[in-house]
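The values are calculated or read from the model by the stated rules, or taken from the named source; none is laboratory data. In this text the structure is predicted, and so the values were computed from the model without any measurement. In this analysis, Cβ positions are derived from the backbone assuming ideal geometry, glycine residues included, and neighbour counts consider all displayed protein chains. For accessibility, only protein heavy atoms count, side chains too; no ligands or nucleic acids. Shrake-Rupley method; radii C 1.70, N 1.55, O 1.52, S 1.80 Å.
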Amino acid sequence: MTSKAPIVVIEDDEDDQLFIQKAIESLAILNPVVFFSNGVEAIEYLIAALEAPLVILCDVNMPAMNGIELRQLIDLNEFLKLKCIPFVFLTTAADQGLVNTAYKMTIQGYFKKERTFAGLQEQLRSILDYWDKCLHPNSRFL
């Protein structure tokens, strides 16, 4: 990966956090991975962070503030909106209503979390490679 920006993962399930961490490590991705268990913790980090993350990978169903509420809050916050952080739902919650709700907001993807290690590796490689190569307002054009 060319970007060294952090990857933000918002996931309340500790087993899924470990699964995602191991999959990212196995891909030899050196970007730091920052985990949060809910949207409240994540929004505090995003407001305070000096560097915009490469991408946010967010679960939908979480305590305190779920993924849909977090995305809505980001969209309403002019400071965070200007950071133009790619936002991707990575979740086990995949029904037509949730997908429709998510895409009414400014998200960049909605993925049903793969349950096998190899499947998750492939899924994460695709998502992270795409955002590493994609030009957007946070890209370094030098």
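Within region 93-122, the set of residues being of a type outside the set (D, E, K, R), touching a residue at least 24 places away in the same chain (Cβ under 8 Å) and farther than 14 Å from Val55 by Cα comprises Ala93, Leu98, Thr101, Ala102, Met105, Phe117, Leu120, Gln121. Every test in (1) more than 15 Å from Val9 (Cα to Cα); (2) open to solvent by 20 Å² or more (accessible area, probe 1.4 Å) is passed by Gly119 save one, and that test is (2).
Is there a residue in region 99-110 that is in contact with an Asp or Glu (Cβ under 6 Å, 6 or more places away or on another chain), of a type outside the set (Gly, Ala, Ser), in a strand (DSSP E or B) and under 23 Å from Ile20 (Cβ atoms)? Among the residues of region 99-110, not one is in contact with an Asp or Glu (Cβ under 6 Å, 6 or more places away or on another chain), of a type outside the set (Gly, Ala, Ser), in a strand (DSSP E or B) and under 23 Å from Ile20 (Cβ atoms), which makes the answer no.
The one condition from (1) in contact with a Gly (Cβ under 9 Å, 6 or more places away or on another chain); (2) over 17 Å from Leu90 (Cα atoms); (3) crowded, with 17+ Cβ neighbours inside 10 Å; (4) not acidic (Asp, Glu) that Ile10 does not meet is (2).
Annotation: of all residues in region 56-81 being over 15 Å from Ile107 (Cα atoms) and in contact with a Ser or Thr (Cβ under 9 Å, 6 or more places away or on another chain), the one that is surrounded by the most Cβ atoms within 10 Å (Cβ to Cβ) is Met62.
Could you list, in sequence order, all residues of region 44-62 that are among the hydrophobic types (A, V, I, L, M, F, W, C), more than 23 Å from Lys112 (Cα to Cα) and out of contact with any Phe, Trp or Tyr (no Cβ under 8 Å at 6 or more places or on another chain)? Answer for region 44-62, where residues must be among the hydrophobic types (A, V, I, L, M, F, W, C), more than 23 Å from Lys112 (Cα to Cα) and out of contact with any Phe, Trp or Tyr (no Cβ under 8 Å at 6 or more places or on another chain): Leu46, Ala48, Ala49, Leu50, Ala52.
Residue-by-condition table, conditions (1) under 22 Å from Tyr130 (Cβ atoms); (2) of a type in the set (A, V, I, L, M):
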{"position": "Val33", "(1), (2)": "yes, yes"}
{"position": "Ala42", "(1), (2)": "yes, yes"}
{"position": "Asp59", "(1), (2)": "yes, no"}
{"position": "Leu73", "(1), (2)": "no, yes"}
{"position": "Leu80", "(1), (2)": "yes, yes"}
